[in-house]
Amino acid sequence: MHTSLQPRGSRSRRRVTSLALALIAALMLPASALAASFKLTPHIANHTPIINKKWPITVDVTKGKTKLSGSVTYQFLFSGSVVSTQKGHSFKNGVYKDSLDFPANALGQALTLRIVVKTKDGTEHIDWTVKAEK
């Protein structure tokens, strides 16, 4: 004879519900951990640099209202694979400026320019598709 005041199976349903809630909470933690530690805002005129001509880029680097300092590295990707890594330079006060030259062998190639920014707050990157023209 069952003398519990709770309906049969209620305890196991509660245990399953508690387990499900714990699992959902655990799965949500990595999402917050992956949140960007700072913001990158690109200011790039277009996606079509001209071969052998300076192509200016600017990236604002901020965390809230704070302007960060750090350094930049470039990666060039072709079909999702890194085919070249180039050193950029350091920057201060939240603004990174540079001009890139695309060589003749980049003509017509669909590339992704990945701008990797390192600061004391971590590393972030932005991807910018490019296709160099004459």
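The values are calculated or read from the model by the stated rules, or taken from the named source; none is laboratory data. Treat the numbers as computed from the prediction; the structure is a model and nothing was measured. Accessible surface areas use protein heavy atoms only, side chains included; no ligands, DNA or RNA. Shrake-Rupley method; radii C 1.70, N 1.55, O 1.52, S 1.80 Å.
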Pull out the extension gain between Ala104 and Asp127, defined as 0.36 nm times the separation in residues minus the alpha carbon to alpha carbon distance; nm, one decimal. 6.1 nm
Solvent-accessible area per residue for region 47-134 at a 1.4 Å probe radius, Å²? 60
By a straight-distance test (C-alpha under 19 Å), which aspartates and glutamates pair with Lys134 as possible cross-link partners, with residues fewer than eight away in the same chain excluded? Asp101
Proximal aspartates and glutamates to Lys39, defined as alpha-carbon separation beneath 19 angstrom and excluding residues fewer than eight positions away on the same chain: Asp60, Asp98, Asp121, Glu124, Asp127
Solvent exposure, largest accessible area first (probe 1.4 Å, DNA, RNA and ligands not counted), of Glu124, Glu133: Glu133, Glu124
How much solvent-accessible surface does Lys54 expose, in Å² to the nearest 10, with a 1.4 Å probe and all protein chains in place? 130
Length gained if Gln86 through Thr41 is fully extended, taking 0.36 nm per residue and subtracting the Cα-Cα distance, is 14.2 nm
